[in-house]
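Read-outs: derived from the displayed coordinates by stated rules, not from any lab. The shown structure was predicted, so the numbers you read here are calculated from the model rather than taken from an experiment. So basically every Cβ, Gly included, is an ideal-geometry build from the backbone, and we count neighbours across all protein chains shown.
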Amino acid sequence: MSTTFTIDTSTSRATPVAAPMKRLTVPALRARKAAIAAGKGEPLVMLTAYTVRMAQLLDPHCDMLLVGDSLGQVIYGLPSTVPVTLAMMAAHGAAVVRGSYHSVVVIDMPFGSYEASPQQAFESAAYLLKETGAAAVKLEGGAAMAPTVAFLSERGIPVVGHVGLTPQAVNALGGYGARGRSDAEAEKIVSDAESIAAAGAFAVVIEGVVEPIAQAITRKIAVPTIGIGASSDCDGQVLVAEDMLGLFERTPRFVKRYGDMAGYVAERVETYAAEVRARSFPTADQTYAPKA
């Protein structure tokens with residue numbers, strides 16, 4: 001006896017439609033390191049996503065979708081990622097999972113939700129994964145966070161590390177400038193990445209560092225490196241989707257703008273506003289006539 005399930009889509013413009021593809025897994029992504037190193041695998045593609053609709057559009061082309069705490073600035077207009085809360089991450093993470101079928105969804109752990117202790121980190125990570133259905137969490141920090149990464153990994157929570165420029169530490173770093181310009185700082189960043197990978201992270205994001213650091217880390221660690229303002233030699237790349245699509249006029253130096261969505265939107269809204277003021281919209285095509 002078969003059972004047919006139906007979903008009421010009448011009230012949603014963004015109901016996901018399952019694509020004929022199987023969702024990638026954390027072990028599969030980790031295993032790509034060896035294939036990439038041997039020249040037999042493609043670099044990993046990662047973009048940020050915060051909403052159902054954006055997840056739907058990005059998912060077929062990505063290996064990972066990052067629900068980044070960058071949503072604080074991109075979605076909420078906050079001055080940094082520091083004020084972002086677990087509740088914000090949970091709400092947007094759940095939306096991205098609902099809108100995707102292929103990519104591994106990784107969700108950022110916000111500032112203050114994991115630094116106090118491995119136990120605090122586990123409670124926060126477990127909450128995020130249960131509330132969202134995401135596959136993994138990402139946390140910032142180097143060697144000091146290695147015990148926390150190990151604690152989470154040993155309890156079945158996949159972790160992505162994040163070294164170099166760590167935006168949650170912007171107040172301590174004094175800004176968003178590139179890291180690793182001194183020998184001592186470069187050595188520390190490499191050591192941080194090695195510590196995080198050895199502790200059990202299945203991938204490491206390297207952000208805003210001088211290129212030789214990213215190249216050295218990629219050679220040294222056994223898990224994939226994901227670059228952002230790092231090097232094309234990393235095992236993959238990530239960008240904020242709104243930045244690469246050109247929705248913001250100001251973007252970091254390492255962003256390549258693949259479009260001018262801000263200009264496109266502005267032009268279309270200008271046309272709409274002009275038609276409303278001229279009473280040329282709506283027309284008969286957008287209004288309802290009485291029944292005959």
Magnitude of the charge dipole, the chain, Cβ model with Lys/Arg +1 and Asp/Glu -1, debye to 20: 620 debye
When each of LYS220/LYS256; LYS40/LYS138; LYS138/LYS188; LYS40/LYS256; LYS40/LYS130 is checked by Cα-Cα distance, pairs over 30 Å: LYS40/LYS130
Built amide H within the under 5 Å cut-off of ALA49, gap 5+: LEU66, VAL67, GLY68
For segment 97-140 and segment 68-82, distance of Cα centres in Å: 17 Å
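Over all directions, average the projected area of the Cα convex hull of the chain and note it in nm².
Numbers: hull surface 85.0 nm².
Mean projected area of the Cα convex hull: 21.3 nm².
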Long-range amide H partners of VAL210 with built H, under 5 Å: ARG179
Beta bridges by DSSP in segment 21-260, antiparallel share as percent, to the nearest 5: 5 percent
Protection-proxy order for peptides 160-172, 99-111, each taking the mean of Cβ atoms within 10 Å per residue, highest first: 99-111, 160-172
Amide H within-cut-off set for HIS162, under 5 Å, with H built and near neighbours excluded: LEU139, GLY141, VAL205
For segment 171-292: rounded, prolate or oblate by the Cα gyration tensor [a/c cutoff 1.5]: prolate
Residues in segment 188-208 that a label on GLN120 would reach, taking backbone N under 15 Å of a point 7 Å out along Cα→Cβ: none
Of the DSSP H helices in the chain, those whose Cα atoms cover at least 15 Å axially and whose Kyte score averages 0.0 or more: 26-37, 86-98, 183-199
Cα shape, segment 85-135, gyration tensor, a/c 1.5 rule: prolate
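Indicate the gyration tensor shape class of segment 50-176 (rounded, prolate or oblate), computed on the Cα atoms with a ≥ b ≥ c the square roots of the eigenvalues: a/c under 1.5 is rounded; otherwise a/b larger than b/c is prolate and the rest oblate.
It is oblate, given that a/c is not under 1.5 and a/b is not larger than b/c.
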Length-normalised contact order for the chain - Cα pairs under 8 Å, 6+ apart - percent: 14 percent
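What does the charge count around SER124 come to, taking other residues whose C-beta lies under 15 Å from its C-beta (Lys +1, Arg +1, Asp -1, Glu -1)?
Once all neighbours under 15 Å are counted, the net charge is -3.
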